[in-house]
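The structure appears below as structure tokens.
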Amino acid sequence: MEIVVILLIGAAAGWLGSMIFKGSGLGLIGNIVVGIIGGVLGYWILGKLGVSLGDGWIGVILTGALGAIVILAVLNLIFGRR
């Protein structure tokens with residue numbers, strides 16, 4: 001059951017990140033992957049800064065979206081806009 005929750009949170013975070021960072025939609029699977037990796041990256045970045053966006057679902061999704069935005073920005077720098 002936990003894997004389903006992780007996938008849903010990853011999809012929500014990836015989708016939110018792609019909506020904020022316009023033009024970087026990667027589809028459902030891409031959003032899930034970017035959201036999950038973005039969650040790890042977001043927690044690392046915010047941990048280094050000593051910041052927490054909360055312990056609930058909203059904080060987790062916002063942290064994942066922050067990491068997803070960073071990943072999408074780096075991908076756009078490397079591969080350019082499509």
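Below is a table of values for the structure above.
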{"quantity": "Subset tally (residues that are among the β-branched types (Val, Ile, Thr) and exposed (fewer than 12 other Cβ atoms within 10 Å of the Cβ)) for the range 38-82", "calculated": "4"}
{"quantity": "Residue ranges of helices (runs of 4 or more DSSP H) in the chain with at least 1 members among the hydroxyl-bearing types (Ser, Thr, Tyr), at pLDDT 80 or above and within 12 Å of the chain's Cα centre (by Cα)", "calculated": "27-49, 57-79"}
{"quantity": "Considering residues of the range 44-76 that are free of Cβ contacts under 8 Å to residues at least 24 places away in the same chain and β-branched (Val, Ile, Thr) only, the residue nearest to Gly27 (Cα to Cα)", "calculated": "Val74"}
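The values are calculated or read from the model by the stated rules, or taken from the named source; none is laboratory data. Nothing here was measured: the structure is a model prediction, and the numbers come from that model. All Cβ positions, even for glycine, are placed from backbone atoms using ideal geometry, and neighbour counts span all protein chains on display.
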